[in-house]
Amino acid sequence: MKFNIALLAGDGIGPEVINEAVKVSDAIAKKFNHEITWTPALTGAAAIDAVGVPYPDETHEVCMKADAVLFGAIGHPKYDNDPSAPVRPEQGLLLMRKKLGLFANVRPTFTFPSLIDNSPLKRERIEGTDLVFLRELTGGIYFGEKGRRDDGETAFDNCVYTRAEVQRLAKKGFELAMTRSKKLCCVDKANVLETSRLWRETVQAMEKEYPEVTVSYEFVDAVAMRLVQWPNSYDVLITENLFGDILTDEASVISGSMGLMPSASVGEHTSLYEPIHGSYPQATGLNIANPLATILSAAMMFEDAFGLKDEAEAIRAVVNKSLEQGIVTEDLATKGSKAYKTSEVGDWLVENL
Ligand SMILES: NC(=O)C1=CN([C@@H]2O[C@H](COP(=O)(O)OP(=O)(O)OC[C@H]3O[C@@H](n4cnc5c(N)ncnc54)[C@H](O)[C@@H]3O)[C@@H](O)[C@H]2O)C=CC1
Ligand SMILES: CC(C)CC(=O)C(=O)O
Ligand SMILES: [Mg+2]
C-alpha cells in the first residue's frame, strides 16, 4: 500500500521524537512492502518564527490531503513565560484540531510488564491496568469565549458544550466500551457545572441504545484520586476537554513515564496521531527525550488509519522487547543502568524489528 503522511514535528523535542517515529515507520513499511511519502509542514512556534502564524493555511492543506497526520509537540518557553504574547503556539494546536474536526482524542493508559517498578505507584495497584480515555477535543473551556473585562482586573474563559458535541463523543465511548469490557465511566462535575449536567443528561439518554454497557457517573475530583488508587477499576472513560487533558497526564504516571503514552485524535476529516506530552523544552536538542510515545502513536496510525494490525503489532512487540532489554531513555533508566539516547532507541528498534 502507498500512504501520504503529513509530518508536523513542531517545537522542542517534537522534531527529535518525530525523527525516531519516521525511522521506525519507514522500517515497518519496508518490512511489509508499503511505501510512505512524508510531507513535512510547519506548526507551533516554528511556524510563528517562519511565517507569523502557528497553523498556516499551507499546513492545513497538507493535512487535509494526507491519509493521516503524525504530530510531535508544540510550545516554547518564550511564549509560556510571556502571558501577554498576542500569538501563541498552542493557538495553532487548537485551530488545527478544530479545522481538522478532531473531536475525539483516544488516550490509552497501559502498563508494560517490564516497567511496573518504574511507576511510583505500587505494583499491586497498577499491574494489568488497561484503560482508555476518550477526551473531547474541540469544545469546552479551551474553545469558549475568553477575555479581560474593561477594568483590566478580571479575566474569563467560558466553557460551552452542545448536546450534539457530547453525543458524538459519547457514541464513540459506548462503541469502544462494546468492544472491550462493556464498562463506561462518564467523568464530569455535574454537582457544580451546567455543562457537566448536560453531559450527564445526554449520556443517560443514550444508555438505552447500549443496554449491555454498564455506565457509571463519577465526579472528576474523585476520579483523579481513584485513577491512581484503583486504576484497574476503570475501562473506558469519557470526559470533556480540560478534564481529559489533566487526567491523562496524571494517568501517565501509572505507565512509568509521560514519554510512553500515545494518542489518536479522530473525527470528521482526517486522523492525527500524537504523543500526549508536550514539547518538553528542557530536553530540546539533548537527544534524551523518550521517543516511544510518538512511535506508539505511529503504531496506532498503522492500525486505525490504515487498517494494518500486523504492522502495529510488530511495532508494539519491538517496543516491548526494547523495554525488557533495558534499551531505554533516561526517564526510564533505573539507578546504575545505562540511559540510551533518543536516537539510539530508534536505531535499536529499527535493527530489531
Ligand atoms: N500536544 C502538545 O503539543 C502539547 C504542548 N504542550 C506545551 O509544551 C510545553 C511544555 O509543557 P509542559 O507542561 O512542561 O509539558 P511536557 O509534556 O512538555 O513536559 C512535562 C514533563 O513530562 C516529562 N516528559 C514529557 N515528554 C517526555 C518525553 N518524551 N520523554 C521523557 N519525559 C517526558 C518531562 O519530565 C517533562 O518535564 C509548553 O509550551 C506547553 O504549552 C504541553 C502539552 C501538550
Ligand atoms: C495546548 C494544550 C491543550 C495541549 C495539551 O496539553 C494536550 O493536548 O494534551
Ligand atoms: Mg496535555
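Where a number appears in this text, it was derived from the coordinates with a stated rule and is not lab data. This is a predicted model, so every value here is computed, not measured. With ideal geometry, Cβ positions are generated from the backbone for all residues, glycine too; neighbour counts draw on all protein chains shown.
If you stretched the chain out fully between Glu209 and Phe156, how much longer would it get, using 0.36 nm times the residue separation minus the C-alpha to C-alpha distance?
Values: separation 53, 0.36 × 53 = 19.08 nm, distance 3.76 nm.
Here the segment from Glu209 to Phe156 would lengthen by 15.3 nm.
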Helix-only mean residue ellipticity at 222 nm for the chain, each DSSP H run of n ≥ 4 adding -39500 (n - 2.57), per residue, nearest 500: -12500 deg cm²/dmol
Relative frequency of Cα-Cα separations exceeding 17 Å in the stretch 10-51, percent: 43 percent
Long-range lysine pairs (8 or more apart or interchain), the stretch 120-255, Cα under 21 Å: 11
Relative contact order for the stretch 179-302, counting Cα pairs under 8 Å that sit 6 or more residues apart, in percent: 22 percent
Protection-proxy order for peptides 61-67, 275-281, each taking the mean of Cβ atoms within 10 Å per residue, highest first: 275-281, 61-67
Stretchable slack from Met64 to Ser216, in nm (0.36 nm times residue separation minus alpha-carbon distance): 51.0 nm
Mean separation of Cα contacts under 8 Å (6+ apart) over length of the stretch 234-317, as relative contact order %: 24 percent
Whole-percent pair-distance distribution, where bins are 20 Å wide, for the alpha carbons of the chain: 30, 60, 10, 0
Estimated distance in nm for a label pair at Val87 and Phe32, the labels positioned 7 Å out from Cα along Cα-to-Cβ: 3.9 nm
Listed peptides 198-210, 172-184, 133-145 by packing density, highest first (mean Cβ within 10 Å): 133-145, 172-184, 198-210
Gap separating the Cα centres of the stretch 324-338 and the stretch 1-54, nearest whole Å: 27 Å
Per residue Cα convex hull volume in Å³ - calculated over the stretch 1-115: 143 Å³
Choice from Lys23, Lys146, Lys189 with maximal GNM fluctuation in the chain (Cα, 10 Å cutoff): Lys146
Length added when fully stretched, Glu344-Thr39, from 0.36 nm per residue minus Cα-Cα: 107.4 nm
Fraction of beta bridges assigned by DSSP in the chain that are antiparallel (%, nearest 5): 35 percent
